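Values quoted throughout were computed directly from the atomic coordinates according to the rules given, and no laboratory measurement underlies them. Quantities reported herein were computed from a predicted structural model and do not represent experimental measurements. Here the Cβ is made from the backbone with ideal geometry for all residues, glycine too, and neighbour counts use every protein chain on show.
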């Protein structure tokens, strides 16, 4: 099948097939077969004068199930049928086919590109109109995720990666595409966690660290790095720039499962922070199909806690009032099945709602610049004072 | 008037007597009399009607020079039409307005209006044209354009006051008699005509060459006819086109009177003909007796005084419609008056009792066959003749009654005015640009195309990236292309508001739109339900023209100048029902049009994406792009064909039958609208000025 494709391809679009690649890896072969199957379904439908359609697994809260035995979110088997001859679906059908053809080109040429790169690769105006295939990247990204679940292929299997986000320092030596990297010698910048961290790209060589501390944002991470927290406490320090991208989550998962390191999270005391923890721990609703290799059910929530304003004696001015969206979001999170049965979490969320304000990790700086690294975090760790 | 003054002076006289009654005067001055009753009596005298109106000319529609010209033409034309219809002659009217020279640099115009009516008996001419409140129409209840008998004599009086020129009337009764010619002045003091020529007798104009010379000498014209009347009035006025102009009046008259032919020559020498589209006169309206509900106490007393009937019962039965002897008996019982009491003995109090009793007694509504509506078919014809559009609908309501007066409402609607701007072809546009004398492009756009106001013109010019004040003559071929593109791309539908044409007994009402029951009811009607945009209590927006005609034996005007219809609840209700009737049909039309457009978009959308999908599939599987595209296209055809049948607002299968609109709807192929525009441009004889007339609609 693949061979035939390459041959025909040369006739259809000459510039795309300039560099013939070597033999395809079994993984790429499998993805290519999936893609071919998708195209075949359209051909068959057209041949039978039927409306071509594709069944895309639903990526929504309604189609995820909390597996209490495995303790992470699993995707259900609900699907959304997308028709070509349906006014509201025609465009996204077309876009899905375009993404499929784009990834096929990438695999064929053995190239990897960012999702933004793919967006540019596929963006052109539709023949005879002023309409663009994709108006902006925001229109392209969900279609890429659709394609992932549709083909049950991981993003890296489609030769795609997301924008790199998140850094790491600590007592760890690893090998990244053959280069040895000592994460304890990364200066002030740290090691940028790549989007694809599968074993064929990154291999762990040596690890002296006893645990991983994941913080929410770059600014807090800088504080810990400057104070050499990871050295004094013998750990690995990561951040994910807010909601951690898949690379960071996958790396944390590998550190936890392969090196048996416990993961502690230091996040803001707001619904957003809770959700970041939830994603790290149980997996995200959107990417529930990847929970298996991303979720870390044993991750612990170190802080910030709703009681911290009083407990740490912070000044009143660090409070940020909750808005309506925050309240709504907090109530949603409290109702997630994986939080619903945890009394400590229910108490925590209720406390925040009662407080009527949220706290960022940076609020601890109002006590002292290094309060968070020298007192707050060590105290939580030694007291084993965390939420699970 | 006189009475009032007397009363005022009495109250002044009574002031000192009050002080005698114990109330001490505050200052000695109050005691001194400024005038005595006797000295004041010297200044108290009769005011003639003519004097009163000479001073209050605005009450009759002579507020300003521009309106004076319109009112003059209007009164003359209305009288001419009434006369022709009453005599059973298909009216043909000639209107000629000329600018006359005068020394002072003031604007003077000579208005000549001639009809092919029955003519007027020589003896009556001076009274009709030279005496205010003299006429045949006031004392009867019958549907006619004129009512009071003020109009034409007031116009003559105005002319006399402003230019000193008499009213010139020429009338011919039949082929056998010579035409008679009068020059008349109105004596404002006595409200009596004064004949200037022929020693107070007027002159006969002999037929043939000799007569023509006489006509020429007197500065009038005569279009040779077997019978007819021509009135010529010279007055101080101002001629201007646009809203409230003579041009507008004549055009609107042509819409509501499809049986009339009008020949019009304006001061600049442009000629325009409105030819009749109906060869049949409207049926003759019947005269009716007043209905008891419509009579006020004062009128009742007056009628009692005048009547020759001996008893009250006979009086009631003979003077009113719908009063049978049994109804009369019930009225008398209710009033506590003997039904055989003499009309001469009925005093004020009894009259009041009778009046109250009438209100309490149930009397059936007056006969409504006295009203002659234009008719739905002729409204459609008339509208289509003058207003370009794609969709026309008309509705005539059954007759109804307000305050004892029968009336009938008719509504006509034309939709799709923008089509002219949207669908104009390049050739037409070039021609129009060639012909125009507008100084700026903006002026050109708003003058030439229906429904383009200054706002919409600005939008187009902005879209075409041109300067607002550029002269249309200076546009190059490339600029015209840009302009055409812009005109087709800019959405103008929201930039214009509904154009309302109001009529009362076939006479256009051009002023005081805001105070008129018709406009008010249109604004209160919910047009959004029919697919139009409308702000709350505003006129709806869109390329739409609505004409509303109220026919009645007595139209309740808000003032003597007959500019607005008063808001009686019964009238408003009928108006609303009529508007809703045409609105529903418009709604159907718009929904269907939207649906067709929607389906077109739907098919287009699939076709647009099919190419991309075929490309992607061929990219992945290497199948030939064209093959898969053709196959998908077949599926698309089948799918959208299903949609053609299926898609309705309520999910019903749509029946593509015209009958769904019901009767009295006219749908014009949009392409024809373009031709219509071009035809009009040509009809104006290559003269651009007349283009502006179209703008009125």
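Odds and ends about this structure:
- Fraction of alpha-carbon pairs over 18 Å apart in region A:274-316 - percent: 42
- Equivalent ellipsoid of region B:52-238: semi-axes from √(5λ) of the C-alpha gyration tensor, largest first, are 23, 21, 16 Å.
- Compactness of region B:292-360 - radius of gyration and Dmax, Cα, Å: 10.2, 26
- At 1.002 mPa s and 20 °C, Stokes D of region A:63-120 from Kirkwood alpha-carbon radius, µm² per second: 149
- Along each principal axis, Cα extent of region A:154-311, largest first, Å: 50, 36, 26
- Remark: mean inter-chain Cβ contacts per residue of A:86-98 equal 4, using a 10 Å Cβ-Cβ cutoff to other protein chain atoms.
- Sorted fewest first by neighbouring Cβ atoms within 10 angstrom, B:172, A:123 come out as A:123, B:172.
- Using only alpha carbons, chain A has a radius of gyration to Kirkwood radius ratio (Rg to Rh) of 1.02.
- Evaluated at q = 0.16, 0.22 Å⁻¹, a Debye calculation over the C-alpha positions of region A:121-219 (equal weights, vacuum) places log10 I(q)/I(0) at -0.86, -1.17.
- Residue exposure proxy: B:262, B:374, ordered by other Cβ atoms within 10 angstrom of their Cβ from fewest to most, comes out as B:262, B:374.
- Peptide A:123-129, shielding by other chains (average Cβ, 10 Å cutoff): 3
- A viscosity of 1.002 mPa s and a temperature of 20 °C, combined with the Kirkwood radius over Cα pairs in Stokes-Einstein, give a translational diffusion coefficient for region A:218-364 of 133 µm²/s.
- Most to least packed among B:311-318, A:68-75 [average Cβ atoms within 10 Å]: B:311-318, A:68-75
- The alpha carbon centroids of region A:93-120 and region B:253-326 are separated by 83 Å.
- Antiparallel DSSP beta bridges within region A:166-266, as percent of all bridges there, nearest 5: 60
- Average projection area in nm² (convex hull over Cα atoms of region B:53-128, one quarter of hull surface): 6.5
- Sorted fewest first by neighbouring Cβ atoms within 10 angstrom, A:113, A:232 come out as A:232, A:113.
- Altogether, the Stokes-Einstein calculation at 10 °C and 1.306 mPa s, with the Kirkwood radius of region A:251-300 over Cα pairs as Rh, returns a diffusion coefficient of 143 µm²/s.
- Of all DSSP-defined beta bridges confined to chain A, some 65% are antiparallel rather than parallel.
- Mean per-residue shielding of peptide A:38-50 is 6, counting Cβ atoms of other chains within 10 Å of each Cβ.
- Histogrammed with a bin width of 10 Å, the alpha carbon distances of the protein assembly as shown distribute as 2, 8, 12, 13, 12, 11, 9, 9, 8, 8, 6, 3, 1, 0 percent, first bin at zero.
- A protection proxy built from the mean count of other Cβ atoms within 10 Å ranks the segments B:612-619, A:356-363, B:575-582, most packed first, as B:612-619, B:575-582, A:356-363.
- Among B:292-304, A:314-326, the order from most to least packed when residues are scored by Cβ within 10 Å on average: B:292-304, A:314-326
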